[in-house]
Amino acid sequence: MTAIPYDRRTAEDYRAAREVPRAGLVAWREIISKEARLAPGGTVLDVGAGTGAFASAFHEWFGVRVLAVEPAEAMRALIPSAEGIEVHDGRAESLPVPDGCADAAWLGSVIHHLSDPRAAARELRRALKPGAPVLIRNVFPGRAARDLRVRYFPATERAISTYPSVERVCEAFATAGFSRVALHSVPQESAPTLAAFADSIRRDADSKLRGITDEEFAAGMADLRAAAEAGPAEPATSWMDLLVLS
């Protein structure tokens, strides 16, 4: 897992464009409750915590302590300061946490950034308590049709096609003794309307959108604006996968 060179402005743009409002994460809270069974006093390891949206959510939802590990300094600076959220400079392949300290690990939109998935799996095995799950929230090749960006910017599938597949992730983590427990497709409301979603887009803060041409981006924005005009009350609902390993 390498540190992406975010500066303060890019990190703020990332937070504005990519963080899903807490109210839009109802389905995520429900499925996490089912798969992790977290309780107050427990500990969640948030690997690649970004600007801390899920670190804050886990702390608020379940009353757990969160160890938020993030390699980018500008992103770490935006993680909300709160009792129960500890922010660490680190990466998945070398976690700055004690052995057997966590009741679950969360990797949100991180798996495709790992430079050495097998090393990350070994580190997670070390850091987790026996039987604790790894929760991987990501888009995977062949499973991204309901992602909002793919829907309106289909050329973003070029980048997603380079991501590790579910099978490749499972193979890498199996080397550290993890097995696949579940795979869920989970909805999230990225914005209350498509117009609000369009307004929130920050191309420079989104690696998938940076990877398409100017013409492809302009066409996608036109399609998105047209859909927003045709359905002004339609929420911006996107879907991502939750891969559970233990």
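The values are calculated or read from the model by the stated rules, or taken from the named source; none is laboratory data. From a predicted model like this one, the values you see are computed outputs, not experimental measurements. Cβ sites come from the backbone with ideal geometry, for glycine too, and all protein chains shown count toward neighbours. The protein model used for the area step is the full one, side chains on, heavy atoms only, and it has no ligands, DNA or RNA in it. Shrake-Rupley method; radii C 1.70, N 1.55, O 1.52, S 1.80 Å.
Note the angle between two axes, namely the Cα long axis of helix 26-36 and the longest principal axis of the Cα atoms of the chain, as a number of degrees from 0 to 90, rounded to the nearest 10.
Value to nearest ten degrees: 20.
Give the separation of the Cα centroids, segment 61-103 to segment 145-214, in Å.
With segment 61-103 and segment 145-214 each reduced to a Cα centre, they are spaced 23 Å.
What accessible area per residue, rounded to a whole number of Å², is obtained for the chain using a probe radius of 1.4 Å?
On the way: 10790 Å² over 246 residues.
Solvent-accessible surface per residue comes out at 44 Å².
Tell me the carbon and sulfur percent of the accessible area for segment 126-246, rounded to whole percent, probe radius 1.4 Å.
Details: 2840 of 5350 Å².
Carbon and sulfur together cover 53 percent of it.
How far is it, in nm, from the label point at D89 to the one at A174 when both lie 7 Å from their Cα along the line to the Cβ?
Result: 3.8 nm between the two label points.
Can you tell me how segment 51-202 classifies by the Cα gyration tensor, rounded, prolate or oblate, using a/c under 1.5 as the rounded cut?
Because a/c hits 1.5 or more and a/b fails to exceed b/c, segment 51-202 counts as oblate.
Which cross-chain or sequence-distant (5 or more) residues have an amide H under 5 Å from the amide H of I85, H modelled 1.01 Å from N in plane?
Excluding prolines and chain starts, which carry no amide H, the hits are V66.
Between the helical axis of 53-62 and the dominant principal axis of the chain, each derived from Cα atoms, what acute angle in degrees is found, rounded to the nearest 10?
Roughly 60 degrees, rounded to the nearest 10.
At a threshold of 8 angstrom on Cα-Cα distance, excluding pairs fewer than six apart, so keeping six or more, what relative contact order does the chain reach in percent? It would help to have the intermediate numbers written out before the result.
Numbers: 492 pairs, mean separation 54.3, N = 246.
Averaging sequence separation for qualifying contacts and normalising by length gives 22 percent for the chain.
If you take the square roots of the eigenvalues of the alpha-carbon gyration tensor of segment 11-123 and sort them as a ≥ b ≥ c, do you get rounded (a/c under 1.5), prolate (a/b over b/c) or oblate?
rounded
Quick check: at a probe of 1.4 Å, how many percent of the accessible area of segment 5-118 sits on carbon and sulfur atoms?
Accessible surface attributable to carbon and sulfur in segment 5-118 totals 44 percent.
Working from Cα positions, state the angle (0 to 90°, nearest 10) between the long axis of helix 214-230 and the longest principal axis of the chain.
80 degrees
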